[in-house]
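Written out below as structure tokens is the structure these notes cover.
The values are calculated or read from the model by the stated rules, or taken from the named source; none is laboratory data. Bear in mind that the values here come from a model prediction, so they are computed numbers and not experimental data. Here the Cβ positions follow ideal geometry from the backbone for every residue, glycine too, while neighbour counts run over all protein chains shown. Side chains included, ligands, DNA and RNA excluded: accessible areas come from the protein's heavy atoms. Shrake-Rupley method; radii C 1.70, N 1.55, O 1.52, S 1.80 Å.
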Amino acid sequence: MTSYIEFEGKNIEQAVKKACGKLKIDKEKIRYKVISYGSTGIFGLAGRKKAKINVSVPEVKKQEEKKPETSPEKKPENKIDNKEDSKAYYENKENELKENNIQSGKDVLQKIIDSITEDAKIEIDERSNKTIFNVAGGNSALLIGKRGKTLEAIQLIVEKVINKKNEKRSRTLVDIEGYMEKRNSYLKSLAKRLADKCKRFGKPVSLEEMNANDRRIIHITLRGDKEVGTRSKGEGVLRKIVIFPQKRSHQKKEQVKDKVEKVN
């Protein structure tokens, strides 16, 4: 009777090699079916999938495969004696994971920008609430793209890589030659200008589709304005923002308008 055992690898050749070693079968004699050829993902970094094969083996082989292997006795792990040591232990583990993820993000970012331009370097600015990757040198126009679209795509990939193993989402920002600072200033000015328009006409105003960081700037800029409110509209990564008049503010303006008309 023939059964199947699944093996995976970076590619089909690696999966076959792994199966041969595990089952002790010559490569010329092995019989298998391909489940998935795998994929390298974006730039060979994000979204990578392994190749998978089903190897046909006699039942005897399968039973041999399932035989429990004798292993040396495990030494008892050192127990954490008190709460303070426990807290310090987990904080160290969390910091170590964060540093590893940030380094992974930097490596991915460097590989992406090296694929687009030359001589661009990255400096990391770690703050309490976010990590900023500052990119300097190279062809900044190519890295930013039209209306910042290329930078948005790079930002999304790096953020996905960093947060892949994080239970708590870590805020990440990629900036190229100070572009984001200029972009944020523009967005703050745009938010105030459209808020004034909203208050003047008493009607909602919609902005173009924006990424999460741009939407956040708009929300924060207008958060203290009691005459208008903001909300995101749509689904997915890119969403629109609607600035709308608060009811009290609009009613008050209408009352003032009526009084002016009566006086005249």
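Filtered by the rule that a residue be in contact with a helix residue (DSSP H, G or I) (Cβ under 9 Å, 6 or more places away or on another chain), in contact (Cβ under 8 Å) with a residue 40 or more places away in the chain and over 19 Å from ALA153 (Cβ atoms), segment 195-220 gives ALA195, LYS199, GLY202, LYS203, PRO204. Taking residues in segment 234-261 that are of a type in the set (Gly, Ala, Ser) and outside any strand (DSSP E or B), and partners anywhere that are modelled with pLDDT of 75 or more and surrounded by 10 or more Cβ atoms within 10 Å (Cβ to Cβ), the pairs with Cβ atoms closer than 6 Å and at least 6 places apart or on different chains are GLY234/LYS240; SER249/GLU227.
Within segment 144-155, is even one residue outside any helix (DSSP H, G or I) and closer than 23 Å to ASP119 by Cβ?
Yes, segment 144-155 has at least one match.
Whether any residue in segment 129-152 is within 12 Å of the chain's Cα centre (by Cα), closer than 18 Å to ARG216 by Cα and surrounded by 17 or more Cβ atoms within 10 Å (Cβ to Cβ) is what I want to check. Yes.
The set of residues from segment 182-202 being touching a strand residue (DSSP E or B) at 6+ places or on another chain (Cβ under 7 Å) and either part of a loop (DSSP other than H, G, I, E, B) or within 19 Å of ASN134 (Cα to Cα) (or both) comprises just one member, GLY202.
For segment 9-33, the set of residues classified as among the β-branched types (Val, Ile, Thr) and under 34 Å from the mean Cα position of the chain (by Cα) consists of ILE12, VAL16, listed by residue number.
Restricting attention to segment 210-228, the residues that are in a loop (DSSP other than H, G, I, E, B) and surrounded by fewer than 15 Cβ atoms within 10 Å (Cβ to Cβ) total 3.
Only residues that are part of a helix (DSSP H, G or I), open to solvent by less than 60 Å² (accessible area, probe 1.4 Å) and of a type in the set (D, E, K, R) were counted across segment 156-181, and they come to 1. From the set of residues in segment 234-247 that are charged (D, E, K, R) and exposed (fewer than 12 other Cβ atoms within 10 Å of the Cβ), which is farthest from GLY202 (Cα to Cα)? Among them, the one singled out is GLU235.
Do we find that GLU84 is assigned to a helix (DSSP H, G or I), open to solvent by 80 Å² or more (accessible area, probe 1.4 Å), out of contact with any Asp or Glu (no Cβ under 9 Å at 6 or more places or on another chain) and modelled with pLDDT of 65 or more in this structure? Judged against the criteria, GLU84 is not a match.
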